[in-house]
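The values are calculated or read from the model by the stated rules, or taken from the named source; none is laboratory data. Not measured: the values here are computed from a predicted model. Cβ sites come from the backbone with ideal geometry, for glycine too, and all protein chains shown count toward neighbours. When the accessible area is computed, the model is the full protein with side chains, heavy atoms only, and any ligands, DNA or RNA have been set aside. Shrake-Rupley method; radii C 1.70, N 1.55, O 1.52, S 1.80 Å.
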Amino acid sequence: MKSNSELLAAAKRHLYGNYRPAAFVVERAAGCELFDVEGRRWLDFTAGVAVCSVGHAHPDLARAIATQAAKVMHVSNYFYNEPNILLAGELCKRTGMDRVLFCNSGAEATESLLKLARRHHFAKGEASRTRIIAFHNAFHGRTLGALSMTGTPKYQEGFGPLGPVTHVPYGDVAAVRAAMSPDVAAVIVEPIQGEGGVLLAPPGFLKALREICNEVGALLLVDEVQTGVGRTGSFLAIDQAGIRADAIALAKGLGGGFPVGAMLTTEALAGALPPGTHGTTFGGNPLACAAALEVLAILDREKLVAGAAEKGAILGQLLGDLVRDFPTVFEAARGRGLLWGLVLRNSSGVPVARDALVALSDAGLLLTAAGERVLRFTPALTVTSEQLHEAISIVRKVAPTWVALRATG
Ligand SMILES: *Cc1c(COP(=O)(O)O)cnc(C)c1O
């Protein structure tokens, strides 16, 4: 096994420099623990950015993938395969949706939503309905269509022309009404803005969007790439808002680490993308679908969706205590289920999230940043109560160093 420094030197020579990875090389992981090539351990509360929903190296998931790989991995969409058909049924059963189109990532799923909306209006003879209403701070992925809908100027800079997409403030019903025009095809929304800073939809907001879309004949597209598959304590986050979407994007947690995405639609939209209009070579392959099927089975067997609500309540309590005990460092904690943000104060001595991550990693805890000032907690749904306490105790060790920095100027 090569050392961190040997591997990092090679990485700097050959890897494209579009990321800013931590300064160690992962060798293996189990549950919520991660180990580097030199054997150092971290408590992993990133879960690969809300992806490894059943924890790293879950033995049942590893076995399901190995078993399927030995049968057949890929056949293309020229042929049916059993895991694909069974997974579509399972997803419809859990979401109340009617149709599933598989893909390989979150961006592909939201890109599919965009194409679905345009093609739906085109088929109805309203080809001029092409505009999307999206929200400030929204994140829908990085391909050009998805990037048009992503509402963070930093991600869009230098990639234009994009659109047509109108971005309005998240939670602002009046702004959505004001932005409505006859060329609007759809509204796309995240039930909780994950990348944007773990911002929760205000009560009644999603319901109001549903009503507005019904009034004007626009589609309501819901991006559950980060919130879906149980993370917020229900299978979909919108289950808690009591609304039904016209179409939904899933990805991240669906494969438990295996790349798989899906677009779910109602029966009314079943004909909007007829054969030949949209597709992907890898999407819905038997290996990815077998992995996702096993993830759903594990969620059931280990009661992980209800568990996300219960453990999320503990995590929320612990984070609330942190905010109370370190009021000069933390401004607030917000989230639902096992998707939480801890907001760093914008005051001298308190680092921005990206720098805070390095200090926490040095102390043994891995988190991700959501925007400039939010530390995001997205542990696997298999996280234990002990691990929640361990994570918070690491933050409690590091936070005073930021207070001290503040005191000395
Ligand atoms: C991560 C994310 C995406 C993009 O998913 P990729 O797999 O990175 O393309 C889209 N929407 C939301 C809400 C996300 O969190």
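With a 1.4 Å probe and every protein chain kept in, tell me what percent of the accessible surface of the chain is carbon plus sulfur. The C+S portion of the solvent-accessible surface of the chain is 57 percent. Ordered from highest to lowest accessible area with the whole protein assembly present and a 1.4 Å probe, Ser76, Ser348 read as Ser348, Ser76.
With both labels modelled 7 Å from their Cα along Cα-to-Cβ, the Leu144 to Ala306 distance reads 4.9 nm.
Could you compute the FRET efficiency for Ile85 and Arg324, with r as their C-beta to C-beta distance and R0 at 56 Å, rounded to 0.05? Working from the Cβ atoms, E equals 0.65. Between Val403 and Thr266, the contour length at 0.36 nm per residue exceeds the Cα-Cα span by 44.2 nm. Once the 1.4 Å probe is applied to the protein heavy atoms, the chain comes out at 44 Å² accessible per residue.
3J(HN,Hα) couplings calculated from phi for the range 37-45 with the Karplus curve 6.51 cos²θ - 1.76 cosθ + 1.60 (θ = phi - 60°) are, in sequence order, 5, 9, x, 6, 9, 10, 8, 9, 9 Hz; Gly and Pro show x. Once the C-beta distance of Lys2 and Ala22 is scaled by a Förster radius of 22 Å, the resulting FRET efficiency is 0.85 to the nearest 0.05. What the phi angles of the range 8-17 give under the Karplus curve with 6.51, -1.76 and 1.60, with θ = phi - 60°, is a coupling list of 5, 4, 5, 4, 5, 6, 10, 7, 5, x Hz, glycine and proline written as x.
Distances between placed amide hydrogens fall under 5 Å for Gly55 paired with Leu381, Thr382, all partners being 5 or more residues away or on another chain. Spacing of the modelled spin labels on Ser393 and Arg177, each 7 Å from Cα toward Cβ, amounts to 5.3 nm.
Each of Val165, Ala288, Phe122 was scored by the projection of its Cα onto the charge dipole of the chain, and the greatest displacement toward the positive side belongs to Val165; charges sit on the C-beta of Lys, Arg, Asp and Glu.
Out of Asn77, Asn104, Asn285, any idea which swings most in a Gaussian network model of the chain, alpha carbons joined below 10 Å? Maximum among the listed residues: Asn77.
Each part gets one Cα centre, and for the range 64-100 versus the range 386-404 those centres are 42 Å apart. Summarising the amide proton neighbourhood of Phe135: residues at separation of 5 or more, or on other chains, whose placed amide H is nearer than 5 Å comprise Val168. Only lysines eight or more places from Lys115 in sequence, or on another chain, were considered; those with a Cα closer than 18 Å are Lys124. Here each label is just a point 7 Å from Cα along the line to Cβ, and for Val358 and Thr281 those points are 4.0 nm apart.
Once all protein chains are placed together, Asp362 keeps about 110 Å² accessible to a 1.4 angstrom probe.
Explain nothing, just the number: relative contact order of the chain, from Cα pairs under 8 Å at least 6 residues apart, as a whole percent. All intermediate terms of the calculation are to be shown ahead of the outcome.
Numbers: 841 pairs, mean separation 85.4, N = 409.
In percent, rounded to a whole number, it is 21.
Extension gain, His74 to Asp60, is 3.0 nm, computed as 0.36 nm per intervening residue step minus the present C-alpha separation.
Compute the helix-to-body angle for 82-95: its Cα long axis versus the longest principal axis of the chain, expressed 0 to 90° and rounded to tens. It is inclined by approximately 80 degrees. The phi-based Karplus calculation (6.51 cos²θ - 1.76 cosθ + 1.60; θ = phi - 60°) puts the 3J(HN,Hα) values of the range 67-77 at 4, 5, 4, 6, 8, 6, 9, 8, 10, 6, 7 Hz, whole numbers, x for Gly and Pro. Measuring between their Cα centroids, the range 348-381 and the range 1-48 lie 17 Å from each other. Across the range 59-301, the relative contact order, built from alpha-carbon pairs under 8 Å that are at least six residues apart, equals 29 percent. Heavy-atom accessible surface of Trp340, to the nearest 10 Å², is about 30 Å², with a 1.4 Å probe and all protein chains retained. The stretch between Ala30 and Phe159 holds 42.6 nm of extra length on full extension. This uses 0.36 nm per residue minus the Cα-Cα distance. Counting only heavy atoms of the protein chains and using a 1.4 Å probe, Thr265 has close to 10 Å² of accessible surface.
Say the dipole of the chain comes from +1 at the beta carbon of Lys and Arg and -1 at that of Asp and Glu; which of Val260, Ile65, Ile133 then lies farthest toward its positive end? Comparing the listed Cα positions along the dipole, Ile133 ranks first. The residues packed around Arg324, meaning those with a beta-carbon under 15 Å from its beta-carbon, carry a net charge of 0 if Lys and Arg are +1 and Asp and Glu are -1. Taking amide H positions as modeled 1.01 Å from N, with prolines and chain starts lacking one, the residues under 5 Å from Phe330 and 5 or more places away or on another chain are Arg345. Work through the residues other than Pro83 whose Cβ is under 13 Å from its Cβ and net out their charges, Lys, Arg +1 and Asp, Glu -1. Result for the neighbourhood of Pro83: -2.
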